[in-house]
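Have a look at the structure below before the remarks.
The values are calculated or read from the model by the stated rules, or taken from the named source; none is laboratory data. Keep in mind the model is a prediction, meaning the values are calculated, not measured. We work out accessible area using only protein heavy atoms, side chains counted, and drop any ligands, DNA or RNA first. Shrake-Rupley method; radii C 1.70, N 1.55, O 1.52, S 1.80 Å.
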Amino acid sequence: IEFGPIPEERYNDVINHLRNNFFADEPLNHAVSLCRPGEPHAELEEHSLTTLRDGLSQMAVHTDTGQVIGVALNGIQHPGDIAAAQAKLETMADVKFRRIFDLLYGVNRSLDLFKQHGVDRIFECRILSVDKRFRGRGLARELLQRSVVTARESGFKVFKEDATGFFSQRVAESLGLQTVRQIRYSDYMAEDTGEVVFKMPAPHDTLKIMVKILQ
Ligand code: ACO
């Protein structure tokens, strides 16, 4: 397995990898049945491509087959980005997608890490995904570790990940990321109906916003 940055000619392969391994599988996507394995998802693909164009992402490639078998898609967040993204979200048709990003944007906005750390950009790991056939072998850890190195070398002070499930939280904790906010999914109710929005299967019971301060 080889690791490295993601060149533009690999963007399509990355999207294919995500269709088969992330769009249906990530715990929040799975909880709302966002899509079936292999299916495209226009909004998520736009989100992924925008992130790829920041040029900070990492991939794992299977040496024999040349297949992309894991990615960390990393983007830059600036003050005001979330407010703009929230406004755009209101115009989107996919209710399930909106539910997920309502939660993520809402929590992030309430944190204001820019002010807290005196920075005007944050390095954000937005998508961490490993091919189903290669999970549990440390690939995600290696991808996140390399992302931390990229962030440090690019002069970022704050590294952040919204870790939505138990396994990504384990990986992040092992690399020294700290939880700055957590929400138990069973406590997160819809305002209108009072019902739990995301019914998550064990072991995914909490959303953790995780941060590492780079010196
Ligand atoms: N059962 C039990 N433990 C597991 C499993 C499993 N199925 N999979 C991973 N783990 C454990 C590992 O043992 C390890 O813990 P340890 O360090 O205590 O041994 C930890 O979880 C992670 O190990 P890795 O091997 O580095 O992780 P992996 O390469 O399997 O990838 C990932 C983890 C990315 C979460 C993968 O399961 C995946 O792609 N899931 C679907 C998408 C997803 O949920 N992504 C994260 C969402 S948050 C975000 O994207 C920012």
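Here are a few things to note about the model shown:
- Mean residue ellipticity at 222 nm, helices only, the chain: -11500 deg cm²/dmol; runs of at least 4 DSSP H residues each add -39,500 (n - 2.57), and the sum is divided by the number of residues.
- Restricted to Cα atoms, the chain shows a radius of gyration and a Dmax of 16.4, 52 angstrom.
- Computed over protein heavy atoms with a 1.4 angstrom probe, the accessible surface ordering of Met189, Met210, Met200, largest first, is Met189, Met200, Met210.
- For the cross-link pairs Lys88/Lys160; Lys88/Lys157; Lys88/Lys212; Lys115/Lys160; Lys115/Lys208, the ones whose C-alpha atoms lie over 25 Å apart are Lys88/Lys157; Lys88/Lys212.
- Estimated at the nearest 10 Å², the accessible area of Lys157 is 80 Å² with a 1.4 Å probe.
- What a 1.4 Å probe finds exposed on the stretch 130-193 is 46% carbon and sulfur by accessible area, rounded to a whole percent.
- Part-to-part distance (alpha-carbon centres) for the stretch 2-44 and the stretch 73-95, which is given in Å: 18
- Per residue, the solvent-accessible area of the chain (1.4 Å probe, heavy atoms of protein chains only, all protein chains present) comes to 50 Å².
- Kirkwood hydrodynamic radius computed over the stretch 50-107 comes to 13.7 Å, based on all pairs of distinct alpha carbons.
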